[in-house]
Amino acid sequence: MAATIGSDVLVTWLRLADAAIAEHADELTELDAAIGDADHGTNMRRGMAAVVEAVDAGGPGGADALLKKAGMTLVSTVGGAAGPLYGTFLLRMGGALKDVGAIGSTSLADAVEAGVGGLVARGKAAEGEKTMLDAWYPALRALRGHPEDIVAATRAAADAAASGRDATEPMIATKGRASYLGERSAGHIDPGAASTAIIVDALARAVAGETA
């Protein structure tokens, strides 16, 4: 049972997320083509590649600095809503980990909760409105369910995020570009929830010891 992780695992997370987003970019764009601007996969692939490039460039260590750099990179390189949203998430997450050396399940959940709070503040959305929050909120609740085991917590979070992603399919969107479609948005998985599930799965794999 793993109790804590360090910022090195967060670096691996970003690398694994970059690879997974690149692998599924076309799928994300297809999802976005149905209810959005058809650019989510392209934007996320470009943004995550830029994040890895920024990480490779080095700089101050520690989870706070790492995630803030990643967040600012996404804000500046990803078009549409995804850049500001994911960027804000990582910025808030990093801020919550300031002065936290060894990251345990509870401190990670606190950081994710701070990130989700940033999404709510920026997107003015709530759970059940067919957005990425419908994957993030289940992931956060699952993280909270394993306070002593960060491996089990992140795996549960990844499974919950995937279930949350799938649960967006019958929903009618009330926020974002998809809301313009009204009832026609039902029957499609939200692309933001889909990319969230990919990112949370990458976190679980990194925490479990997978290397990029």
How far is helix 133-144 tilted off the main Cα axis of the chain, in degrees rounded to 10, range 0 to 90?
30 degrees
Mean projected area (nm²) from the convex hull of Cα positions in the range 95-201 is 6.3 nm²
On a 0 to 90 degree scale, rounded to 10, what angle separates helix 40-56 from the longest Cα axis of the chain?
20 degrees
Under unit Cβ charges (Lys, Arg +1; Asp, Glu -1), what dipole magnitude, rounded to 20 debye, does the chain have relative to its Cα centre?
560 debye
Stretched out fully, how many nm does the piece from ASP166 to ALA126 gain, at 0.36 nm a residue minus the Cα gap?
12.7 nm
Could you give the length gained on full extension between ALA65 and ALA3, defined as 0.36 nm per residue of separation minus the Cα-Cα distance, in nm?
20.1 nm
In cubic angstrom per residue, the convex hull of the range 43-109 built on its Cα atoms measures 79 Å³
If you plug each phi of the range 99-105 into the Karplus form 6.51 cos²θ - 1.76 cosθ + 1.60 with θ = phi - 60°, what whole-Hz ³J(HN,Hα) values come out, in order, with x for Gly and Pro?
6, 9, x, 8, 8, x, 4
Rg over Rh [alpha-carbon atoms, Kirkwood Rh] for the chain:
0.95
Going by average Cβ density within 10 Å per residue, which order do the peptides 93-101, 159-167 take, highest to lowest?
159-167, 93-101
If you add up the charges near ALA142, with Lys and Arg at +1 and Asp and Glu at -1, over every other residue whose beta carbon is less than 13 angstrom from its beta carbon, what do you get?
-1
The Cα radius of gyration of the range 76-134, divided by 2.2 N^0.38 Å with N its residue count, comes to 1.18
Folded to 0 to 90 degrees: helix 7-35 orientation relative to the chain principal axis, Cα:
0 degrees
In the chain, with Lys and Arg counted as +1 and Asp and Glu as -1 at Cβ, which of these residues, ALA197, GLY94, LEU133, has the Cα nearest the positive end of the dipole, that is, farthest along it?
GLY94
Cα-centre dipole for the range 28-148 with unit charges at Cβ (Lys and Arg positive, Asp and Glu negative), debye to 20:
240 debye
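Computed from the coordinates by the stated procedures, all read-outs in this text should not be read as laboratory data. Computed from a predicted model, the values in this text were never measured in an experiment. As a convention, Cβ positions derive from the backbone with ideal geometry for all residues, glycine included, and neighbour counts pool all protein chains shown.
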